[in-house]
Every structure is written in C-alpha cells, then in structure tokens.
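Nothing in this text is a laboratory measurement; each read-out follows from the coordinates by a stated rule. All values reported here derive from a predicted model rather than from experimental measurement. Backbone-built Cβ (ideal geometry, glycine too); neighbour counts: all protein chains shown.
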Amino acid sequence: MRSLPLILLLLFIPSVLLAASGVQGRVAWRGVLIPNVEVRAYRSIDAIAQKQVFATAAPTAQDGTYRLDLPAGRYYLTASNSSSAQKPGDYFCYYSGAPVVVPAQGFRQVGFNLVRIPQEAPPKKGKRSGIWGEISFQDQPLEKTYLYVYKQTDTDFKGPAWFIQPVERGKFRMSLPPGDYWLLARKRLKGGQYGPIEIGDFFNFYYGNPIHIEKNKLKNIQLETITRLSMLEEDPDLVFRGVSGKITGPDGKAAQGLRVFAYRSATRTGTPAFISAPSAKDGSFRLVIPETGQFWLLAREQFGGPATTGERYGRLQLPEDQGVKLSETEPSRKVEIHVAPHP
C-alpha cells in the first residue's frame, strides 16, 4: 500500500508535462516592473465585461514576471491588481494583441503595459447623450490621435470601427445615441487610421469598456494611452508566425506603400482577419498571423471598400486558389505578391 502514492504520482507527471502550454511574460507600469498583479484569461471579449474568467495566474513576482498555464486555444487577456470593482489608482491593462493563440505545447510571450485607473467626473445632464473627456499619455494630452467607437466585438476591434473621431489636441466631445459602446485610442507614428500597432505607437483599450450611455447624459472618459514596448516582448526563442515576402509591380520592380490583407475565406471579402504595415521601399512586408489555418492574401493601397480604378491591387495566386497554410510545424511562409493598376 505504501507504493500506491508513488504510482499515482508517476501517472500524474506525464499529464502535467503534456499540459505545458500557456502564456508568460512581464508586467510593467511606465517602464517599472510591477509585482502582485494578476493576469486573467477569457474565452471572448464579452466575457471580460461579464467577469467570466477562464483562468487566473498567480500574482506577478517582484520582477514583474508571471506564468499562466492554459490549454491550446484562443484567449483574451487582462492584467489588474484588483479582483473586485476597479477604483481610481488601480492598475489595469487589456492586451490589445488579442486574441492570443496558445499552441498545444509551449508558451506565448505576452507583456502588459499598465495604466492607473483615473478619477473621472460624474455624468452630467445635456440636451444630447454622449461622451466628453481627454486622451492622454503619462498625464499629458496626446495630440493628433484617433478615438475609435465600436458597437460589437466580433471583429476583435480590427478593421473599420462604427465611428472614428480625430482628436487634435487631446480633448474631445462626441454625441452618441443611448446604448453600449467599446472605446479605443490609437496613434500610429507613420500616420493613418488603419494598420497594425508597431513598436513606439500609442494606443489603448478604455479600462471601463463597455461604456453605457443613457439618454440626455454625458459620460466623462479619461483614456490614457500606452506605447508598445519591445522590452515586454523580447524573447530570443519566439518564432515569427505569419507571412512575409515581397510585393512587386507589373514591371517586376518593388512596390512600396501597399498593405497585405489576410482573409479566412477565398472570397477575400468583408473584414480581413489580419493586416500588415505598408510595404517598405524594397517591397518587403511582414504580416503577423498568430494562428494556424488557411489564409487568402491580397495586397492593395487603400483600406476598405472596393478597389478604385488605377489602385495598385493584386491577389496571391496559388494552385487551385488554396490559400496559405500555417501550422505548428510550419508557422511562417514567404511569398511574392504581384500587383497592377486595378481596371
């Protein structure tokens, strides 16, 4: 009978080893690594608002590091030092690179750049309903940014928003009909309303999402942005996942300034699943796709709507229009896309 616990232990060890997958990384506020912050995983964005937590990591260590074991799948992540109602002064971060795809084995590197929840003014009455407030970065108004308003979460806040408002000097005021909304702010150093967030860009997900707007009420919004920091994402063992390559024109020369769009359907219509930054002077591009599966690609100059006459446009042509296949054994591919003026 004394050998029974040992047998049970030996049976348990292989299952633990097989379950070695999840996310890990560091948590910081304004460049300072923060302890005692909990990273939580959710199965959907809506589950965050409904407080339906799938799994919670142990509080971050003194050096801000954490590890969260998760089975393979797609997850949306937050980091906070409060497990109850959030209050001014608490730390918070929604990982804007979500959904994070966890492989069957191995850990994805995910860093969190926290904000402190601000003190906001109470709602005030008005002739119309809406929001007013400020977009900031480290306590200073952030100029020349965009405020994105979404009514649904099914696109993971990628692609066109329900409404976009340019914010010139940080302060904004916007009329909104009564309802629920999700707010995000983005400022790309290269300019433009669309495209991936790159190192050094300003962005953030409003900590109080979704907001509820009542009739004839104006809600105060203080939305602090963060920058994407390489220090939170550096991982020498991190494998590039996605598609890279070159875009060429009809003369065979490099085509600069085009984006590559990845779709989950061969029709290549609707909201793309992933979008690259504009191609470089030598025509090179890099499109991060943190998922496995089959994707159909096209390159074009504009974002949204049908291609216009003369716009440089082209689809990646593969035999039988199969699309690019990404897997755990082959997480990246290199391709060349040819473009020409659209008729």
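A few comments on the model shown:
- Under 15 Å, Cα to Cα: Lys pairs in segment 124-229, sequence gap 8 or more or different chains: 15
- Normalising by residue count, segment 12-147 has a Cα convex hull of 146 Å³ per residue.
- Charge-dipole axis of the chain as Lys and Arg at +1 and Asp and Glu at -1 on Cβ define it, positive-most pick from 247, 263, 133: 133
- Label zone at residue 20 (point 7 Å along Cα-to-Cβ), backbone N below 20 Å, segment 71-100: 71-73
- Order by protection proxy (mean Cβ within 10 Å, highest first), peptides 189-198, 203-212: 203-212, 189-198
- Neighbourhood net charge (14 Å Cβ-Cβ; Lys/Arg +1, Asp/Glu -1) for residue 42: +1
- For the chain: rounded, prolate or oblate by the Cα gyration tensor [a/c cutoff 1.5]: oblate
- Here the Karplus relation 6.51 cos²θ - 1.76 cosθ + 1.60, evaluated at θ = phi - 60°, turns the backbone of segment 181-194 into coupling constants of 9, 10, 10, 9, 10, 9, 9, 8, 4, 7, x, x, 8, 10 Hz, with x for every Gly and Pro.
- For the pair residue 49 and residue 294, a Förster radius of 30 Å applied to the C-beta separation gives a FRET efficiency near 0.45, rounded to the nearest 0.05.
- For the chain, a Gaussian network of Cα nodes joined below 10 Å ranks 258, 318, 142 by mean-square fluctuation, and the top entry is 318.
- What the Cβ-Cβ distance of residue 216 and residue 140 gives, at R0 = 45 Å and to the nearest 0.05, is a FRET efficiency of 0.90.
- Antiparallel %, DSSP beta bridges [both residues in segment 23-116], to 5: 85 percent
- Size of charge dipole - the chain - debye, nearest 20, with Cβ of Lys, Arg +1 and Asp, Glu -1, no other charges: 960 debye
- When the helices of the chain are scored as -39500 (n - 2.57) per DSSP H run of n ≥ 4 and the total is divided over every residue, the value at 222 nm lands at -1500 deg cm²/dmol.
- Residue 330/residue 308 FRET efficiency (R0 45 Å; Cβ-Cβ; nearest 0.05): 0.80
- By DSSP, the beta bridges lying fully in the chain are antiparallel in about 80 percent of cases.
- Computed lengthening from residue 155 to residue 317, 0.36 nm per intervening residue step minus Cα-Cα distance: 55.7 nm
- Of 149, 32, 115, the one that fluctuates the most in a GNM where the chain has Cα springs shorter than 10 Å: 32
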